[in-house]
2 protein chains.
Amino acid sequence: MIKESTLRAGDEPASKTRIHAVYLQLRRDILHGKLLPGARLPVEHLRAEYGVSAGTVREALSLLVADALVTPEGQRGFWVAQASEDDLIDVTNTRMQLESAGLRQAIERGDDAWEAGIVAAFHRLSLVEDKTGRPLEGRLDEWELRNQDFHDALIAACPSRWTKRFRSILYHQHERYRRISLSQGAGDRNVHAEHEAIMAATLKRDADLACRLIEQHIAATRDLVFRVGVNGSADLAAPSAGAPAKSS
Amino acid sequence: MIKESTLRAGDEPASKTRIHAVYLQLRRDILHGKLLPGARLPVEHLRAEYGVSAGTVREALSLLVADALVTPEGQRGFWVAQASEDDLIDVTNTRMQLESAGLRQAIERGDDAWEAGIVAAFHRLSLVEDKTGRPLEGRLDEWELRNQDFHDALIAACPSRWTKRFRSILYHQHERYRRISLSQGAGDRNVHAEHEAIMAATLKRDADLACRLIEQHIAATRDLVFRVGVNGSADLAAPSAGAPAKSS
DNA sequence: GCCAACTAAAATATCGATATTTTTGATTTT
DNA sequence: AAAATCAAAAATATCGATATTTTAGTTGGC
């Protein structure tokens, strides 16, 4: 339910329009796994739940197509984008490539303010995690936001808006899988140390090392998800509900 | 004006829905430069022009956001995405990276059918261009479609859907710039020979050479656009019409 | 001349009704 | 038992009216 106050909550207006508010809410619900991969998104139900008209829901869903979080099909409606082991491999490999490219470009061009941004983001992240980088109890959402801030800060000095755009899409795709691994334990992995090593290499302007470390960091998440999801990809998706084929 | 027959024209239904038909029409108009970069897209005018309701137009525009061809702004409407020299550089560099990655993966995995697809696409393309690769008179649109088929065929065997998705977005972004260079002459460039060399290296499974050639091919288009657009980027965009800042 | 305030016109965003399509379940045919 | 057909229910897509916001132009004060 989108309350009127939601539109004006916080330090700044959350959304100028109801469409944008519904978009943000749906986006959050998908990224957090409340709406499972492959799940149908019945406009009629969402209309009732959010208290807006069908057209408003449709438009919000259409905007989520750009984030690759929703797939539309004419006359049949909308679905949460699918997730699968194959997709995780692809997301991982492609993200490794783009993060790496972005980080390399940032290292070439970054100035002191950029470095300060990284240090600050790392510090904020450290405050909501234990020494191994596990999110503190009840602060997973906060950790996720600060994790994103940290990764955004690493490539903030990259001049390529396209690289950053695609990378961001994949970062969030990865988030859908990452939450599975975080909620089930990170094994013996020390995410905090990984972040710190990436930061150190970056500040030292060692592009090759930094890129190798970020790639390993990303690959490790994939490996962890595979380990906890090894029972099969049933854990990754909603029971099939007339789900369309994967979009091209 | 979307005619009823448009929805059922050709060998297959063009669109199941009016939204999709408007989406395709708008997409074509933007890619062809009929709707200039930075131009406002007034819903009220488009509604009248296409003979559909405002909500239908809005939804079609929202779907174009995914293609990075339209930028929305709450309460202010929609705009054709901006174009600029900086953007062309970014599109080019990022596309070079993704095409190259896609081609390399395709070369690793492609089978005989993939090779046949490339040869066939090259052949079809050759039939609508002169010996230097200039489109034949009055067949620019056809050439563009077959050019796309050729480039799609090159990476058809790439397993990474994400690479192909992002690459496709950039291919079309590049198209907006490419039409400028084609309509103003390709100088002494031999696009046909470039395609042929790329194909030869690809069929020979020489990934390093093929990737270097495709990157040069893409860079050459950028250089050409710069040459013909050297009067400044006024040629690239509509007069500013309350255009929003470039989207992040 | 510049800026703030105000108003009317223009445009955007949203609604709920309804036309259209798909899905579901029952029945009939093979 | 499986496949085809049909009708009703459910859902999607679209419309046009209207509430809301922005834009453009005018006026007045400094």
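The values are calculated or read from the model by the stated rules, or taken from the named source; none is laboratory data. Predicted model only: the values in this text are computed from it and were never measured. Quick reminder, even Gly has a Cβ in these numbers, built from the backbone with ideal geometry, and neighbours come from all protein chains shown.
Computed quantities for the displayed model
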{"item": "Selection count where residues are at pLDDT 95 or above and of a type in the set (D, E, K, R), scope segment B:59-86", "result": "2"}
{"item": "Members of segment A:33-76 that are in a loop (DSSP other than H, G, I, E, B) and either touching a helix residue (DSSP H, G or I) at 6+ places or on another chain (Cβ under 7 Å) or of a type in the set (A, V, I, L, M) (or both)", "result": "A:GLY33, A:LEU35, A:LEU36, A:PRO37, A:ALA39, A:VAL52, A:SER53, A:ALA66, A:ASP67, A:ALA68, A:LEU69, A:GLY74"}
{"item": "Hits in segment A:30-66 (condition: surrounded by fewer than 17 Cβ atoms within 10 Å (Cβ to Cβ) and among the charged types (D, E, K, R))", "result": "A:LYS34, A:GLU44, A:GLU49"}
{"item": "Matching residues, segment A:77-131, being within 14 Å of chain B (Cβ to nearest Cβ) and assigned to a strand (DSSP E or B)", "result": "A:GLY77, A:PHE78"}
{"item": "Members of segment A:134-143 that are assigned to a helix (DSSP H, G or I) and in contact with a strand residue (DSSP E or B) (Cβ under 6 Å, 6 or more places away or on another chain)", "result": "A:TRP143"}
{"item": "Meets criteria (free of Cβ contacts under 8 Å to residues at least 24 places away in the same chain and more than 30 Å from A:VAL70 (Cα to Cα)) for A:ALA207", "result": "no"}
{"item": "Of residues in segment A:65-76 being at the interface with another protein chain (Cβ under 8 Å from one of its Cβ atoms) and within 16 Å of DNA strand D (Cβ to nearest atom), the one nearest to A:PHE166 (Cα to Cα)", "result": "A:VAL65"}
{"item": "Test: B:LEU69 is within 30 Å of B:LEU213 (Cα to Cα), surrounded by 22 or more Cβ atoms within 10 Å (Cβ to Cβ) and in contact with a strand residue (DSSP E or B) (Cβ under 9 Å, 6 or more places away or on another chain)", "result": "yes"}
{"item": "Contacts under 9 angstrom Cβ, first residue in segment A:144-165 being assigned to a helix (DSSP H, G or I), partner at pLDDT below 95 and small (Gly, Ala, Ser), 6 or more apart", "result": "A:ARG161/B:SER247; A:ARG161/B:SER248; A:LYS164/B:SER248; A:ARG165/B:SER247; A:ARG165/B:SER248"}
{"item": "Residue count for segment B:164-193, restricted to those that are modelled with pLDDT of 90 or more, of a type outside the set (Phe, Trp, Tyr) and under 26 Å from B:VAL80 (Cβ atoms)", "result": "10"}
{"item": "Hits in segment B:48-64 - residues which are within 14 Å of another protein chain (Cβ to nearest Cβ) and either near DNA strand D (Cβ under 9 Å from one of its atoms) or not hydroxyl-bearing (Ser, Thr, Tyr) (or both)", "result": "B:VAL52, B:SER53, B:ALA54, B:GLY55, B:THR56, B:VAL57, B:ARG58, B:GLU59, B:ALA60, B:LEU61, B:LEU63, B:LEU64"}
{"item": "Residues (touching a residue at least 40 places away in the same chain (Cβ under 8 Å) and surrounded by fewer than 19 Cβ atoms within 10 Å (Cβ to Cβ)) located in segment B:78-103", "result": "B:SER84, B:GLU85, B:ILE89"}
{"item": "The lone exception for A:THR56 - which of (1) more than 18 Å from the chain's Cα centre (by Cα); (2) closer than 16 Å to B:TRP162 by Cα it fails", "result": "(2)"}
{"item": "Flag for A:THR17 being within 16 Å of B:GLU59 (Cβ to Cβ), within 16 Å of DNA strand C (Cβ to nearest atom) and touching a Lys or Arg at 6+ places or on another chain (Cβ under 8 Å)", "result": "no"}
{"item": "Cβ pairs under 8 Å, 6+ apart, first in segment B:51-77 and touching a residue at least 24 places away in the same chain (Cβ under 8 Å) and in the same structural domain as B:GLN25 (by TED's automatic domain parsing), second of a type outside the set (Gly, Ala, Ser) and within 6 Å of DNA strand C (Cβ to nearest atom)", "result": "B:VAL57/B:VAL43; B:LEU61/B:VAL43; B:GLY77/B:PRO42; B:GLY77/B:VAL43"}
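Yes/no matrix, rows are residues, columns are (1) surrounded by 13 or more Cβ atoms within 10 Å (Cβ to Cβ); (2) over 24 Å from B:ARG165 (Cβ atoms):
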residue	(1), (2)
B:GLY110	yes, no
B:HIS123	no, yes
B:GLY133	yes, yes
B:GLU137	no, yes
B:ASN147	yes, no
